[in-house]
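A.B. asks: Let me begin by handing over the structure; questions about it come next.
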Amino acid sequence: MPHYRVTLAYDGTDFEGFQAQARGRTVQGALEAALSQLVDGEPVRVAGAGRTDAGAHALGQTVCFRLERDLRPAEMVRALNGLLPRDVRAREAALVGPEFHARRSALSKLYRYELDTGPVQLPTRRRYPGHAPCVLEVAGVEAAAALYRGRHDFASLASAGGNVKTTVRTVTRSEARYDGETLVYEVEADGFLRKMVRSMVGGLVAVGSGLVSVEGLREALHARDRRAWPAPAAARGLTLVHIDYGDPGSAPGATIAGVPSMALQDLLEVVPAGSDERALVEAIDWTRLPRHVAVIMDGNGRWATLRRKRRVEGHRAGIDAVRDVVETSARLGLEVLTLYAFSMENWKRPQMEVQTLMGLLKHYLRRELETLLRNNIRFQVIGRMEDLPPDVQKELHRGIERTRASTGLLFNIALNYGGRAEIKDAVQRLLADVVANGQDPASITEESISSYLYTAGQPDPDLLIRTSGEMRISNFLLWQIAYAEIWVTETLWPDFRRKHLLQAIADYQKRERRYGGIGAA
Ligand code: FPP
């Protein structure tokens with residue numbers, strides 16, 4: 001019988017929690033009822049990764065179940081979303097081996113708690129997030145968050161009724177930041193006890209508001225006594241964001257075992273049936289997507305001149321192309337997208353053009369940040385960021401910080417970037433370390449040089465796209481593109497859209513990548 005894994009998102013407001021129970025509406029109950037309809041009313045039992053409290057939400061709850069129905073994962077997602085109530089959605093599905101278990105196979109879980117600290121709870125925010133009208137002292141909140149990191153016995157934070165062998169857990173991430181008046185707390189661990197995250201937030205609030213000192217909280221943690229711990233925060237601020245199963249497909253937004261993700265279904269929905277673009281989408285082999293696509297955006301000036309406009313209008317129009325390509329890359333489930341926005345040589349352009357480009361960057365980030373977050377996109381800059389104007393740096397740092405926890409597409413913007421300068425900087429830093437550690441220069445490898453580049457840890461680009469017909473590399477990612485396939489289009493960047501990216505990927509998939517060998521016979 002096929003064994004499925006499904007990732008669920010839900011608004012927990014109107015549920016009595018995830019786990020099925022004798023009375024009350026539960027997510028598990030809603031899911032089992034929907035699955036049962038797929039097998040003519042036969043009962044179906046699902047196993048979840050863990051319970052969530054009444055009122056708590058999820059973006060990445062995971063379940064597994066066996067079903068007497070052979071459905072492709074994309075069909076399973078579609079079928080479930082047709083049967084589930086509107087406050088539960090299946091995001092992704094996969095066929096998994098018999099050994100997989102949603103709870104036992106989980107390596108870690110990531111929760112986010114959002115707490116509105118504004119004076120008045122706005123009616124539009126009463127279902128989500130939590131609310132505590134107080135001024136929290138940032139240093140105190142951060143110190144409390146730091147206290148949870150590492151391996152501890154969290155018995156003081158466990159609510160009664162939990163049936164566990166041990167109350168020891170390892171917290172690998174515990175970070176608090178502010179988004180306006182909202183405190184956003186993210187915590188990742190190998191497992192959680194009942195009400196543990198809400199109790200952790202209770203601890204942050206108690207320290208931040210001065211009710212308890214950091215030392216007092218440390219003692220309460222070590223006391224292993226629930227009565228010593230501050231009250232837990234309300235459930236509605238809590239979201240189960242992601243469960244890590246140690247495979248690339250478990251990242252939200254990524255594809256599972258080459259199966260199109262929910263996001264891809266969105267792509268199919270927005271591409272009109274019967275169109276050329278639809279034919280491209282259908283021709284793509286989802287198991288052989290490029291992992292990293294890099295783009296030299298060129299032709300903005302010519303685009304503007306052709307329309308008797310000023311050059312800067314070309315850059316402004318180029319933003320629409322950026323938006324389209326970033327969104328499509330995320331929907332396709334690409335791992336990395338790198339856009340070349342400003343080279344070290346671009347400072348030679350007229351001051352007004354440089355200023356406009358910097359302004360556009362700031363504007364883009366301000367406007368798009370929420371979209372990047374919603375689409376689970378992580379934003380990164382490659383290049384000498386420290387030489388950019390301070391206001392631009394500030395906006396860039398904000399974008400990097402805010403999207404740090406995203407696990408989907410990595411979106412690199414190359415800014416004040418030069419390929420030779422990058423290699424020179426990397427070699428200098430690498431050599432300094434080699435000398436300081438008394439190592440033999442012969443120990444330097446290609447991998448060690450790669451690990452000192454801005455793109456350390458990222459796959460090299462498989463596909464390099466250049467717009468406006470120019471056949472140049474322009475000092476872009478010189479080391480990283482050693483084996484990239486190059487695709488050049490006459491289209492000017494402001495006219496570049498989803499269909500061009502799909503075309504580039506379709507053409508890339510027709511090529512045989514030989515990496516210097518002679519290829520298959
Ligand atoms: C090349 O066209 C384009 C650039 C130097 C800048 C690209 C920047 C943007 C599209 C806007 C900001 C980017 C992001 C990522 C928000 P060109 O001016 O050299 O064109 P030409 O060769 O026709 O003169």
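The values are calculated or read from the model by the stated rules, or taken from the named source; none is laboratory data. From a predicted model like this one, the values you see are computed outputs, not experimental measurements. For neighbour counting, all protein chains shown are included, and Cβ atoms are generated from backbone atoms with ideal geometry for every residue, glycine included. Note: areas computed on protein heavy atoms with side chains; ligands, DNA, RNA excluded. Shrake-Rupley method; radii C 1.70, N 1.55, O 1.52, S 1.80 Å.
A.B. asks: Whenever you get a sec, compute what percent of the accessible area on the stretch 426-503 sits on carbon and sulfur atoms (1.4 Å probe).
C.D. replies: About 52 percent, which is the carbon plus sulfur part of the accessible surface.
A.B. asks: In terms of modelled amide H atoms, which long-range or inter-chain residues lie less than 5 Å from the amide H of A49?
C.D. replies: Result for A49 returns T62.
A.B. asks: Can you give me the convex hull volume of the Cα atoms of the stretch 3-95, divided per residue and expressed in Å³?
C.D. replies: Values: hull volume 7.5 nm³, N = 93.
For the stretch 3-95, the hull spanned by Cα atoms encloses 81 Å³ per residue.
A.B. asks: Mind checking the full-extension length gain between R86 and K362? Use 0.36 nm per residue of separation minus the Cα-Cα distance, one decimal, nm. It would help to have the intermediate numbers written out before the result.
C.D. replies: Working: separation 276, 0.36 × 276 = 99.36 nm, distance 3.67 nm.
The span from R86 to K362 would gain 95.7 nm if fully extended.
A.B. asks: Considering only protein heavy atoms and a probe of 1.4 Å, how much of the accessible area of the stretch 83-191 is carbon and sulfur, as a whole percent?
C.D. replies: On the way: 2880 of 5490 Å².
Carbon with sulfur: 53 percent of the solvent-accessible area.
A.B. asks: Apply 1/(1 + (r/R0)^6) to the Cβ-Cβ distance of A421 and D153, taking R0 = 51 Å, and write down the FRET efficiency to the nearest 0.05.
C.D. replies: About 0.50, to the nearest 0.05.
A.B. asks: 7 Å from Cα along Cα→Cβ at both A146 and R308: what's the point-to-point distance in nm?
C.D. replies: Using points 7 Å along Cα→Cβ, the separation is 6.3 nm.
A.B. asks: Continuing with the same structure: For L463, what residues show an amide H to amide H distance below 5 Å, using hydrogens built from the backbone and excluding near sequence neighbours?
C.D. replies: Under 5 Å from the amide H of L463: H292, A294, E485.
A.B. asks: Efficiency by 1/(1 + (r/R0)^6): what FRET value for E181 and M471, r their Cβ-Cβ distance, R0 = 51 Å, to the nearest 0.05? Working shown, then result.
C.D. replies: Numbers: r = 52 Å, r/R0 = 1.02.
So the FRET efficiency works out to roughly 0.45.
A.B. asks: While we're on this one: Express the accessible area of the chain per residue in Å², computed with a 1.4 Å probe while the remaining protein chains stay in the model. Show your work: numbers first, answer last.
C.D. replies: Values: 24660 Å² over 521 residues.
Result: 47 Å² per residue.
A.B. asks: All other residues with a Cβ under 14 Å from the Cβ of R429 taken together, and with Lys, Arg as +1 and Asp, Glu as -1, what is their net charge?
C.D. replies: Net local charge, R429 excluded: -1.
A.B. asks: Explain nothing, just compute: Karplus ³J(HN,Hα) = 6.51 cos²θ - 1.76 cosθ + 1.60, θ = phi - 60°, for every residue of the stretch 465-473 in order, whole Hz, x for Gly and Pro.
C.D. replies: So the J values, rounded to whole Hz, are 10, 10, 9, 6, x, 6, 9, 10, 9.
A.B. asks: Using only the Cα atoms, what convex hull volume per residue in Å³ does the stretch 43-114 have?
C.D. replies: 122 Å³
A.B. asks: Something else now. Hey, how much of the P(r) for the chain falls beyond 42 Å, as a percent of Cα pairs?
C.D. replies: 28 percent
A.B. asks: With every atom except the alpha carbons ignored, what do you get for Rg and Dmax of the stretch 122-243, in angstroms?
C.D. replies: My reading of the Cα-based Rg and Dmax gives 13.8, 42 Å.
A.B. asks: In addition: Pop the C-beta distance of S448 and V168 into the FRET formula with R0 = 45 Å and round what comes out to the nearest 0.05. Write down the numbers at each step before the final one.
C.D. replies: On the way: r = 38 Å, r/R0 = 0.84.
It comes to 0.75.
A.B. asks: Return a single number: how many Lys pairs in the chain, at a sequence separation of 8 or more or on separate chains, have alpha-carbon atoms below 18 angstrom apart.
C.D. replies: Details: K109/K195; K165/K195; K362/K394; K499/K510.
So the count works out to 4.
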